[in-house]
Amino acid sequence: MKGKRIFKKQGLLMQVFLLCVWPMFCQTSFSGKIMDDMGKPISEAYVVNKTRKIFCYSNVSGKFKLEDTKIGDSLEVGALGYKKELILVTNKTLNTDFLIVMSEDTYQLKEVIVRPTLNILNEVVDVDLAMTPVKSSQEILRKVPGLFIGQHAGGGKAEQMFLRGFDLDHGTDISINVDGMPVNMVSHAHGQGYADLHFLIPESIKSVDFGKGPYYAEKGNFNTAGYVDFETKTILNKNVAEIQLGSFGLKRGLGMFNVLNTSNDKAYIASEIITSEGYFESPQDFERINLFGKYNHLFSSSSRLTIAANHFQSTWNASGQIPERAVASGLIGRFGSIDDTEGGTTSRTSINLGFSKAFENDIALKLAAFTSNYQFQLFSNFTFFLNDPVNGDQIKQEENRFVSGLNLNLSKTIYLEDKSLTVTTGTGLRNDRIKDNELSRTLNRNTTLQNIQLGNVSERNAYAFLSGKFKWNRWLVNLGLRLDRFTFEYSDFLQNSPTNEKTGDVLFTPKFNMAYTPNNRIQFYLKSGVGFHSNDTRTILQNTDQKLPKSYGADIGIIWKPIEGLLFNAALWTLHSDQEFVYVGDEGIVEPNGKSARYGVDLGLRSQINEHVFLYADVTYSHARSLEAEEGMDYIPLAPGFTLSGGLQLSKMKNFSGGLTYRYLGNRPANEDFSITANGYFVTDMSLNYAVNNNISLIFGIENMFNAKWKEAQFVTNSRLAGEERSVEEIHFTPGTPFSVRTGLRYVF
């Protein structure tokens, strides 16, 4: 009996010993949640077990699970734009949900890790943005590789955009959003998908999310060539006051100030005022004011409420697009005008509400609601005296719009050993009510000679989508399906008795994407999907077959990071459209031009030589053709073929920072048979900042430093000048910015 009691005691001691030391020898898992200091989950953060050379990534809820981890292992946690965290695994950290709070830090290319995800290049663009901050809202879109823009109405009108062989006009084939709020305007007075980003203060941008092609289930209308989403800052690290003076009467004032900064509540306000006379012979009298405020509240349950509001208004005069023959003959100078009464006014007041919550069972909820009141009035003269030899051909486009909408996304992640499945479902509604959508012939902005179109537009888009991302080892497979329903309604005031016409359509668009990432240096991916862009309501009611034409695209590409400070990307792509739309401004219609096909290649290179020197370059080639035109007449006017952009940036090199940027747009066909060429250009800009101390910086910049004579916008137009017996069809252009200088003073505190 005594021996048995001794044996039992020894057995009990052995059990206690094993319970104490077993975790030291038994492989287990390390799991937890990664958040920023405002309680927002950080997705795609990496957790590396440096002892065992294994790693994992956080999901949309900020949660992660790292298998085969033992006590004593050394872990590294990192995410782009955040300070690294080093963790030593202890008994307390294993098999419990460990909370990791990360603080913001400078963006570095070395923090970009190639991993099984579909948006690695977004992080690369965030590095670009951090290294080369934009100096104007016009430059924001240039951060997207291969995206070119051009202004042709005095600085107040939305820019013309080019991407992947598309002349996007002002947004017809690209979806643009800010903090979940759509920027594109459907059935706009000046052009379908009109996207004016001038309300966005450049210094308020935190990150840029973009994707090329129609491959994303959460993106709907206008997502054919791609999408661009901007996220504004949640909190200001420091207050900023800045003033700039420049050539041609440029004056810019900026103020960004924290007004609330507690552990659970953050709020700041920002304002921007710009005035300029412009570089044209006729003064531009450009004025713009932006007001922006954002409030964030963190609840104790790891949920977050965001409220943002902005007001923007702008007025300007414009010299318009001038014919080449007028300059060649000496009738006007390069910066002269035929009709200097062009120009306009616009304003936008918006309120945007966002709510997000991360639940304990790997469920994440995102809600966004927005409302906006928008005013627009534009005066243009494209043809001068072609239609009215006495009064001229000036037209007015005007509208008063109210937009409201709601987006709801819900995601759930399921873990199965070394596999994970993230299912995201979403639904939303957008409602546009446009009062007095007008196109009229006018004289000197004051007299209405004839109403061409006048009426109220009502357009609604309800949608739902389902997307699943399955990760297994080094593979990622993404399947998506989107459903959109549109309702179009138009009340025409110019009929003998006012009419109220209504129609609608429903569209399903599938998506399939996959990526193979054999290691953290290289990724191969395939993207495919169907997208669409809606047509103008007024045109749809004239031709109901052209409501929601589809586009079909595919990408095959590679992302390669051979060393820590070098990243290369390449993609072959193709995109077919069921309908090519051309906006005819002076007739107020969107003209269908039939099916089209495009294919091309995108190349990109990023190199961070050290923490001070950063190089980048993007090259694109596109081949665009109409499929329903005769051979030799199948060129798509203004479709870009070859583009090149890049730069050299210096960051915090002693007291200096700045760099050189360049962009090249090759010659393009200006008409269907390429008998007229839209000439390309090469433009170089320079910026230089000098930090006097920790609070004060001097700013200096040069636009078009080699004073290239370039044409920012070009169109083939049939016009007639005063005194001409016949009209002439030729290039009409807006000259690009000549050599100009800006200086400034920035104070941070």
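The values are calculated or read from the model by the stated rules, or taken from the named source; none is laboratory data. As the structure is a prediction and not an experimental result, all values here were calculated from the model. In this analysis, Cβ positions are derived from the backbone assuming ideal geometry, glycine residues included, and neighbour counts consider all displayed protein chains.
Return the residue satisfying two criteria in turn: it lies in segment 474-499 and is in contact (Cβ under 8 Å) with a residue 24 or more places away in the chain and among the β-branched types (Val, Ile, Thr), and of such residues it is surrounded by the most Cβ atoms within 10 Å (Cβ to Cβ). Here the answer is Val477. Taken over segment 341-361, the criterion of being surrounded by fewer than 22 Cβ atoms within 10 Å (Cβ to Cβ) and among the acidic types (Asp, Glu) is satisfied by Glu360 alone.
Scanning segment 607-617 turns up no residue that is crowded, with 16+ Cβ neighbours inside 10 Å, out of contact with any Cys (no Cβ under 9 Å at 6 or more places or on another chain), hydroxyl-bearing (Ser, Thr, Tyr) and closer than 23 Å to Ser551 by Cβ. Take the residues in segment 274-293 that are assigned to a strand (DSSP E or B) and in contact with a Phe, Trp or Tyr (Cβ under 6 Å, 6 or more places away or on another chain); name whichever of them is nearest to Glu342 (Cα to Cα). This residue is Phe286.
For Phe55, are the conditions met, namely being among the aromatic types (Phe, Trp, Tyr), at pLDDT below 70 and not assigned by TED's automatic domain parsing to the domain that holds Phe355? In short, no. In segment 720-749, of all residues being out of contact with any helix residue (DSSP H, G or I) (no Cβ under 6 Å at 6 or more places or on another chain) and of a type in the set (Ser, Thr, Tyr), the one that is surrounded by the most Cβ atoms within 10 Å (Cβ to Cβ) corresponds to Thr734. Checking each residue of segment 735-742 against the condition of being of a type in the set (Ser, Thr, Tyr), over 29 Å from the mean Cα position of the chain (by Cα) and modelled with pLDDT of 95 or more gives no match.
The residues in segment 203-236 that are among the hydrophobic types (A, V, I, L, M, F, W, C), within 14 Å of the chain's Cα centre (by Cα) and either part of a loop (DSSP other than H, G, I, E, B) or not assigned by TED's automatic domain parsing to the domain that holds Lys527 (or both) can be counted, and the count is 2.
Residues are listed down the side, and each one gets a yes or a no for (1) hydrophobic (A, V, I, L, M, F, W, C); (2) out of contact with any strand residue (DSSP E or B) (no Cβ under 6 Å at 6 or more places or on another chain); (3) within 19 Å of Pro133 (Cβ to Cβ); (4) not assigned by TED's automatic domain parsing to the domain that holds Leu698:
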| site | (1), (2), (3), (4) |
| --- | --- |
| Gly249 | no, no, no, no |
| Gly255 | no, no, yes, no |
| Phe280 | yes, yes, no, no |
| Asn290 | no, no, yes, no |
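State whether the residues of segment 541-563 include one that is touching a Phe, Trp or Tyr at 6+ places or on another chain (Cβ under 6 Å) and acidic (Asp, Glu). Among the residues of segment 541-563, at least one is touching a Phe, Trp or Tyr at 6+ places or on another chain (Cβ under 6 Å) and acidic (Asp, Glu), which makes the answer yes. Strands (runs of 3 or more DSSP E) fully within segment 123-202 that include at least 2 residues being in contact (Cβ under 8 Å) with a residue 24 or more places away in the chain, buried (at least 22 other Cβ atoms within 10 Å of the Cβ) and in contact with a strand residue (DSSP E or B) (Cβ under 6 Å, 6 or more places away or on another chain): 160-163, 174-178. Among the residues of segment 299-312, is any touching a Gly at 6+ places or on another chain (Cβ under 7 Å), modelled with pLDDT under 95 and under 28 Å from Asp36 (Cβ atoms)? Yes: segment 299-312 contains one or more residues that are touching a Gly at 6+ places or on another chain (Cβ under 7 Å), modelled with pLDDT under 95 and under 28 Å from Asp36 (Cβ atoms). Test Phe376 against the criterion of being under 21 Å from Pro182 (Cβ atoms), in contact with an Asp or Glu (Cβ under 6 Å, 6 or more places away or on another chain) and in a strand (DSSP E or B), and give yes or no. It is true that Phe376 is under 21 Å from Pro182 (Cβ atoms), in contact with an Asp or Glu (Cβ under 6 Å, 6 or more places away or on another chain) and in a strand (DSSP E or B). Each residue in segment 452-473 was checked for being surrounded by 14 or more Cβ atoms within 10 Å (Cβ to Cβ) and either of a type outside the set (Gly, Ala, Ser) or over 25 Å from Asn221 (Cβ atoms) (or both), and 15 pass.
For segment 206-239, which residues satisfy the criterion of being out of contact with any helix residue (DSSP H, G or I) (no Cβ under 7 Å at 6 or more places or on another chain) and aliphatic (A, V, I, L, M)? Ala217, Ala225, Ile235, Leu236, listed by residue number. Taking the conditions exactly as written (aliphatic (A, V, I, L, M), buried (at least 21 other Cβ atoms within 10 Å of the Cβ), under 24 Å from the mean Cα position of the chain (by Cα) and assigned to a strand (DSSP E or B)), does Ala364 satisfy them or not? Here the answer is yes, as Ala364 does meet what is asked. Highlighted here are the strands (runs of 3 or more DSSP E) found entirely within segment 628-703 that include at least 3 residues which are in contact with a Gly (Cβ under 6 Å, 6 or more places away or on another chain) and under 29 Å from Leu129 (Cβ atoms): 642-653, 656-665, 681-691. Criterion applied to Lys435, Lys366, Lys396 was being closer than 30 Å to Lys33 by Cβ and among the charged types (D, E, K, R), and the one residue passing it is Lys366. Restricting attention to segment 79-97, and to residues there that are buried (at least 19 other Cβ atoms within 10 Å of the Cβ) and at pLDDT 80 or above, which single residue is nearest to Lys233 (Cα to Cα)? The extreme case among them is Tyr82.
Got a number for residues in segment 513-531 being in contact (Cβ under 8 Å) with a residue 60 or more places away in the chain and either among the hydrophobic types (A, V, I, L, M, F, W, C) or in contact with a Pro (Cβ under 6 Å, 6 or more places away or on another chain) (or both)? Result for segment 513-531: 6. The condition of being assigned to a strand (DSSP E or B) and at pLDDT 80 or above holds for only one of Leu118, Leu75, that being Leu75. On the stretch given as segment 329-361, residues that are part of a loop (DSSP other than H, G, I, E, B) and farther than 27 Å from Ile42 by Cβ total 13.
Residues that are over 27 Å from the mean Cα position of the chain (by Cα), of a type in the set (Phe, Trp, Tyr) and assigned to a loop (DSSP other than H, G, I, E, B) do occur in segment 481-501, at least one of them.
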